[in-house]
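Just so it is clear, none of the values below were taken in a lab; they were calculated from the coordinates. Since the structure is predicted, the reported quantities are computational estimates derived from the model, not experimental observations. As a convention, Cβ positions derive from the backbone with ideal geometry for all residues, glycine included, and neighbour counts pool all protein chains shown.
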Amino acid sequence: MRRWALPILGLFLALYVAYPYVTLWRLDQAILKPDIRTLDTLIDWEILRRQLKADVKLALIDKAQTDIGKGGFAGIFGGALTALLVPTLVDSAVDEMVTPEKLVHNEKVDDLRRQGKSLARFVTYAFFTSPTAFRVDLKDPDDKDAPTITTLLELTHGRWRIVALKLPPPETWLKGSGSGNTGPIPPPSS
């Protein structure tokens, strides 16, 4: 009995380590096919939308507060207007844009699908951050100035699902890629 315990434990550990990578492969296949039913099992859309709404609102309001600090009527007026309008606009935009349909039918995905290319080429880092959390950094390999987006997967109820996206600083998505990119969240040190 003891003789089998170590090989079984080793097999279990190997399967556990491989599981999030298999999930990423399934995600790649579901996006490129497109297979919305599979995407719904791999992405927790409700949690993801809630997290993105909070992060984008905070980032835009922080940026507005910085502009207010620069003084002048435009900075004060813009900051007040941002604080007033951002919550409603962000909620609407995220609800409309963060859907499986929008993911599989965006221009970049359509181009990759036509070219028969995998989304794996966007992955710059993929590893565990804890026993139930897995981090994936994504960056457009065709654009050296592209910002990095960090995706977080969580193991819940025996399956890995995307639960968060960490966006780069607002300057990179308000003005386009390039300026102000502080890069991804640094990988955990070994």
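Among L42, L9, sorting on how many other beta-carbon atoms sit within 10 Å of each Cβ, with the fewest leading, yields L9, L42. Taking 17 Å as the straight-line reach from the Cα of K144, the aspartates and glutamates in range (excluding those fewer than 8 positions away in the same chain) are E171.
Rounded, prolate or oblate, given the Cα gyration tensor of region 2-174, with a/c below 1.5 counting as rounded? Prolate.
Under 5 Å between amide hydrogens, built in the peptide plane, is the criterion, and for T151 it picks out V136, D137, L138, K166 among residues at least 5 positions away or on other chains.
Of K63/K117; K63/K166; K57/K117, which sit over 27 Å apart, Cα to Cα?
Over 27 Å Cα-Cα: K63/K117; K57/K117.
In terms of its alpha-carbon gyration tensor, region 7-58 comes out oblate; a/c meets the 1.5 threshold, while b/c is at least as large as a/b.
In region 2-174, taking the dipole from charged Cβ atoms about the Cα centre, the farthest positive-side position among L48, V94, L13 is held by L13.
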